[in-house]
Amino acid sequence: MKLLKKNIGKAAAVIIAAGIFSGCGRVRNELIFESYSGGFIAMDTYIFATVYGEDAEPAVGAVKEEIMRLEGLFSVTDENSEVFAVNRYGDAEVSFETAELVRLALEMGDMTEGSLDITVYPVVREWGFTAGEYKIPDSGTLSALLRNVDYSRVGAEEGRITLPDGAMIDLGAAAKGYAGDRAIEILKEKGVKSGLINLGGNIQALGGKPDGTDWSVGVQDPFGDGYFCVLNVCDKAVVTSGNYERYFERDGIRYWHIIDPASGQPARSGIASATVIGDSGAFCDALSTAIFVMGRDRAEKLWRESGEFEMILVLENGEVVVSEGAGEMMRDAEGVEVIAR
Ligand code: AMP
Ligand code: MG
């Protein structure tokens, strides 16, 4: 896969150095670094990175290589992937990365009372979301498939993933977030201090902008084009799951790709989009999918108990509910309901 855009924004400018600070929320006066922006297609989405620093271009190249490698491990449709082998044989040795992501997903299954369930895959496939050939499954087929949906029966020990008969897994709910975390690690290894990666709507920020101010990250309006709010972000992942991302319509009813493992139906919790903000992309990605299934009340309870994330919920009735910390990141929080701890 080739980088689609090369050298956009490659620029070197100079500001007189007066003192160098690093980290979030601090003004930095220093030489403005070279920057490099590049995009490529991977994980079924367009990935775009803007990176500052002398080695920005090779760093973006290394990020691309790593994301392609991870896609080769996690893809549910690629016959050479590890996930494909797990699903075909029900028992397979896997890499550190696949084992780590499966373990995280299983933990998040516990944390969300099964709202995140990687074994929901056969149901997702039956609805046609894997191949893009959409259909409404009949209830008999769904109940037969649901009998094999239970993440707690997946084994993940010593580099092996084992599945009970009839079960299959899909890491699609958290793979982009995991890839984003690896991308940030790679940038750090390359000495990069400032960068922003957009993995098809999953945003991951390394540091702030080179001038020390925060990145501006827009949150998609689930009811139309464009953003409905802008967040000030530094060193965080911002991940949204929404009913507008992948769906089809029949007789005026919309059916989307996030499935409630309890019913086998597209989750109708009253949430149109759930945005989760936190330190880890994989965690936020898994959680945004789960919160979409859980709905407002359960999400609010989890937020109070956890302390590890912030969230923005856009409800289907148009109301916006944000956690305290997310409210503080919003440029304009007028008209939104802020929930306090
Ligand atoms: P995301 O776009 O991150 O919210 O993830 C949605 C993807 O995760 C879907 O395309 C399915 O492949 C998969 N998925 C759907 N529902 C669930 C669920 N309840 N638990 C785990 N994975 C799911
Ligand atoms: Mg997700």
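The values are calculated or read from the model by the stated rules, or taken from the named source; none is laboratory data. All values reported here derive from a predicted model rather than from experimental measurement. Positions of Cβ are generated from backbone atoms using ideal geometry, with glycine treated the same way; all protein chains shown enter the neighbour counts. Side chains included, ligands, DNA and RNA excluded: accessible areas come from the protein's heavy atoms. Shrake-Rupley method; radii C 1.70, N 1.55, O 1.52, S 1.80 Å.
Quick notes on this one:
- Heavy-atom accessible surface of the chain, averaged per residue, reaches 46 Å², computed with a 1.4 Å probe.
- In terms of its C-alpha gyration tensor, the range 178-236 comes out oblate, because a/c is 1.5 or above while a/b does not outweigh b/c.
- Portion, in percent, of the accessible area of the chain that falls on carbon or sulfur, probe 1.4 Å: 47 percent
- For the chain, hydrophobic long helices are taken as DSSP H runs at least 18 Å long by C-alpha position along their axis with mean Kyte-Doolittle hydropathy of 1.0 or more; these are 281-294.
- By accessible area with a 1.4 Å probe, ligands and nucleic acids excluded, highest first: order of TYR89, TYR36, TYR244: TYR89, TYR244, TYR36
- Residue of GLY200, GLY224, GLY90 that the Gaussian network model of the chain assigns the largest fluctuation, springs spanning Cα pairs under 10 Å: GLY224
- Comparing MET311, MET294, MET329 in a Gaussian network model of the chain (Cα springs below 10 Å), the most mobile by mean-square fluctuation is MET329.
- Net charge over other residues, Cβ less than 12 angstrom from the Cβ of GLU97 (K, R count +1; D, E count -1): -3
- The chain, helix-only ellipticity at 222 nm - DSSP H runs n ≥ 4, -39,500 (n - 2.57), divided by all residues, nearest 500: -9500 deg cm²/dmol
- Cα centroid separation, the range 284-341 to the range 149-182 (Å): 26 Å
- Binned Cα-Cα distances of the range 113-219, short to long, each 10 Å bin given as a whole percent: 12, 30, 25, 21, 10, 2
- Extension reserve of the GLU79-LYS188 stretch, reckoned as 0.36 nm per residue once the Cα distance is removed: 36.0 nm
- 3J(HN,Hα) from dihedral phi, the range 217-227, Karplus parametrisation 6.51/-1.76/1.60, rounded to Hz, x for glycine, proline: 10, x, 9, 4, 6, x, 9, x, 7, x, 9
- Isolated Cys in the chain, by beta carbon distance under 4.7 Å: CYS229, CYS284
- Shape summary of the chain, radius of gyration then Dmax from alpha carbon positions: 20.4, 70 Å.
- Counting only heavy atoms of the protein chains and using a 1.4 Å probe, VAL276 has close to 0 Å² of accessible surface.
- Top of ALA286, ALA179, ALA262 by mean-square fluctuation, Gaussian network on the chain, Cα under 10 Å: ALA262
- In sequence order, calculated HN-Hα J values of the range 199-213 (Karplus, 6.51, -1.76, 1.60; Hz; x Gly/Pro): 9, x, x, 7, 9, 10, 9, 9, x, x, 5, x, 7, x, 7
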